[in-house]
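So the structure is just underneath, and the comments pick up after that.
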Amino acid sequence: MRFYELREEDRQFLASLLYGTGIILFWRGIWEVSYEIPLLENVYFCLFVGLFILTVTGYMYREFDPLSQKFNRISKILNHAIRQTKSGVDHMVYYHDEVAKHEHKINPKDIRKVEHDMIVFQENGHEYFVPLNRLTKIHKGDQAIWKR
């Protein structure tokens, strides 16, 4: 029995803190070396070059976007449930409808595709789009394999 279990969001946050600390310590070393290079004495030049590098490489947008990490994890679990449903294992996906104020069930065999942050499924001849942030739980048989 575990006393405390970290949620995925908490692990992502702690990992980001660890990465940030590593970056700060790395740049402290660079900072000390930069005293030897005359061009780097200009503070504005350093600021511009640093921001330019972080922006061009996409690091700033890729690493510090906590919502995309969460959606990627949910998408992987959902795609796995869809594959298993096609091979005969029962799954059920639940989402909260904010307009009707109640929870709906989606059978994974009705899901047509999972796009970036949307589930597209067909029910009664109509196509529905549900954002991944509205999912509340995914069940495999009677057991919840993921829940918010």
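Pairs, please: C-beta under 9 Å, at least 6 apart or cross-chain, first residue at negative phi and aliphatic (A, V, I, L, M) and in segment 8-19, second assigned to a helix (DSSP H, G or I) and loosely packed, with under 12 Cβ neighbours inside 10 Å?
So the pair list comes out empty.
Going by the conditions given, is residue 53 of a type in the set (A, V, I, L, M) and touching a residue at least 12 places away in the same chain (Cβ under 8 Å)?
Considered against the rule, which asks whether it is of a type in the set (A, V, I, L, M) and touching a residue at least 12 places away in the same chain (Cβ under 8 Å), residue 53 comes out as no.
If you scan segment 82-126, which residues turn out to be touching an Asp or Glu at 6+ places or on another chain (Cβ under 9 Å), aliphatic (A, V, I, L, M) and farther than 19 Å from residue 145 by Cα?
120
Values quoted throughout were computed directly from the atomic coordinates according to the rules given, and no laboratory measurement underlies them. For clarity, every value in this text was computed on a predicted model and none was experimentally measured. Every residue, glycine as well, gets a Cβ built from its backbone with ideal geometry; the counts of neighbours run over all protein chains shown.
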